[in-house]
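Inspection log for the structure reproduced underneath, given as structure tokens.
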Amino acid sequence: MDRMTHWKRVLSAGGVLVPFAILAFVSCGLGKSRPNLVLIVVDTLRADHLGCYGYSRNTSPAIDRLAAEGTLFESAFTTAPWTLPAFASILTSRLPWEHGAVNDYLAPRADLPGLAEVLRGAGYETAAFVSHIYTSHIYGFDVGFDRFEDFRIGKDYAFDQGREPRAEEVVREAIRWLAERKNKKPFFLLVHLFDPHWTYGAPEPFRARFDPDYSGSADGSYRTIARFFSPDSIPPRRDLEHIIALYDGEILYTDAWLDTLFRALDRAGTWERTAVILTADHGEEFRDHRSMGHSFTFFDEVLRVPLVVRRPSERVGDVSDEPVSLLDLFPTLAEWAGAEIPPGLRGRSLLRTPEAEPRFLEAGTIREGRYGRAVIRGTKKLIRGAGGDRLFDRASDPRETNDLLREGSPHAVSEAEALAARMEEDGAVEGWHVVWSDRMEKTAATFSGTIDPDGIIVELLPKAGCRVDLEAKDNGSFRFAAPGSGGLRFRVVPPSSAVRFRLFIDGEERPDRIRVGREGFHPPAASFGLDPAASPEGALRTPETTRSEEPFFFVWKELDPPSPRLITLSPEEEERLRSLGYLE
């Protein structure tokens, strides 16, 4: 069934289709009373596995009804392909490399105002019910909430039970809080539901709903799924079908408890005075691009997320094709609340008229030694990783199988350069820079090396057009190799961390071909360390030039922005994350 046919069916059941209902969002129009606010984040939820987005299975009747009362955003994107940085972006309206929560041991910067703080300051009672370590108090996400329930994560949480709290437990606690409220303030309720994340093990009858006749060994556990993480490990077709069916069963189970939450709000008489936003932190891969799971890639099955915005007391049923970001949720909710919106937010309120010019939407990750960035504008998406840049047209190639740069498509280079310029501009210049220059007309030199900082690498970005092969096991050190001119930039937490370099040109140690800092001094050997705390002021700053007729390395460091907070995970917390496939 195509999406428009589905929508005609849904809207015929009571929805009213408005020609361009996004205009109904212009100006608050809320009168003197401010709405209650509900933000629902469903972990690992693919947009294209929901009925309201055209999925053939009936996985989401409650979400579909919500969409029929609100506005469904066709092109909503997350800022990161895994939970911690994406959730931090939702609550700070900052990109991952700005808030800094890009590693299991890093929490968002303490100086950034959070959504709950802003809403509480505007007179709202605030509560959150979350179901995963990455959304818990451990990373500071409890700040600003009058009630924050993360179900004993990090306290006496039963790590050996092999799962996070189910939607039933989370929703029941949220409903109990709603029933026990004493004051008359408007409320902000945040609900995070983990269930669609692996393990795919919904309780019956949801587990067997979409594939009851399967008799194989694929049980939806992390062990089953991890076997097929490698691009070269291809799952049997029948096993993959069953894994997807189990995932869809988790969505249906989650949807049933969302229906329970919505009905509780209705019975309490608050539904018509409540604004609801439903979204996901990221999606999930099922070998769409030879991968399973999430965390490292930037294709639409992971970056594109569902987004439904329901305005109180209005039945809209509209579909918007405006490209939007999870960064937009903070300013939207703040505007609904009549709160003063802090300066520096990256998002824009969805209550306002769409901008005339296409926006730049960005995402990034650096995890377990792997990094990537993506920029979207209009229908074009540029993905940068260790394999170089790739450019896709999401309109003509929705499955993202045709790399326009590789195909030599007309205008592809200029389009990629425009997106890459945004990436370079938006990434801070702060941090360490390693640039290699080779203007020789003969065969290009090969530049390689090892970079080993004392701290945690929180951002790693190659220069535009530079193909760099990276080998790394964690966010602590990496090796690189690249032919011809290029370079990369990286940031470390703490910023004062010393960094050890070992640099080679065509496999040889050439300290005479290495220039460090503004003064361009040569290190005594190709293996050398630089300590910002011990260096004279300005010694490591930008050199006068990074050009050379001969193969040369240039190394320098710019000042660092405010840093994310380092946290300590207990052995039990680390073990829980390992059981979910993290910290490997």
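Please state the shape class of the chain: rounded when a/c is under 1.5, otherwise prolate if a/b exceeds b/c and oblate if not, all from the C-alpha gyration tensor. Cα axes put the chain in the prolate bin.
Sorted on the mean count of surrounding Cβ atoms within 10 Å across their residues, most packed first, peptides 335-346, 98-109 read 98-109, 335-346. Among 35-44, 235-244, 366-375, 81-90, the peptide with the highest mean count of other Cβ atoms within 10 Å heads the list, and the full ranking is 81-90, 35-44, 366-375, 235-244. Normalising the average separation of contacting C-alpha pairs (under 8 angstrom, six or more residues apart) by the number of residues puts the relative contact order of the chain at 18 percent. The count of lysine pairs in the chain with alpha-carbon distances below 29 Å, taking only pairs 8 or more places apart or on different chains, stands at 11. Segment Arg176..Ala395, full-extension length gain: 74.3 nm, with 0.36 nm per residue of separation and the alpha-carbon distance subtracted. Rounded to the nearest 10 degrees, the angle from helix 412-426 to the longest Cα principal axis of the chain is 90 degrees.
Under a 5 Å amide H cut-off, with hydrogens placed 1.01 Å from N, Glu509 pairs with nothing among residues at least 5 apart or on other chains. Summarising the amide proton neighbourhood of Leu190: residues at separation of 5 or more, or on other chains, whose placed amide H is nearer than 5 Å comprise Leu39, Ala127, Ala128, Phe129. If only the Cβ of Lys and Arg carry +1 and only the Cβ of Asp and Glu carry -1, the dipole of the chain around its Cα centre is close to 1100 debye. Along segment 140-149 the Karplus relation, 6.51 cos²θ - 1.76 cosθ + 1.60 evaluated at θ = phi - 60°, assigns HN-Hα couplings of x, 6, 7, 4, x, 9, 5, 10, 10, 10 Hz to successive residues, with x for each Gly and Pro.
What the phi angles of segment 291-300 give under the Karplus curve with 6.51, -1.76 and 1.60, with θ = phi - 60°, is a coupling list of 10, 10, x, 6, 3, 10, 10, 10, 7, 5 Hz, glycine and proline written as x.
Toward the positive end of the charge dipole of the chain, with +1 on the Cβ of Lys and Arg and -1 on the Cβ of Asp and Glu, the farthest Cα among Val468, Gly455, Leu240 is that of Leu240. Between the beta carbons of Ala498 and Ser33, assuming R0 = 51 Å, the FRET efficiency works out to 0.35 to the nearest 0.05. With θ taken as phi - 60° and the Karplus curve 6.51 cos²θ - 1.76 cosθ + 1.60 applied, the whole-hertz 3J(HN,Hα) list for segment 179-190 is 6, 9, 4, 10, 8, 9, 5, x, 10, 10, 10, 10 Hz, x standing for glycine and proline.
Counted by Cβ distance under 11 Å from Arg348, the other residues give a net charge of -1, where Lys and Arg count +1 and Asp and Glu count -1.
Throughout, read-outs are computed from the coordinates displayed, never taken from laboratory work. Please read all numbers here as calculations on a predicted model, not as lab measurements. FYI the Cβ positions are ideal-geometry reconstructions off the backbone, even for glycines, and counts take in every protein chain you see.
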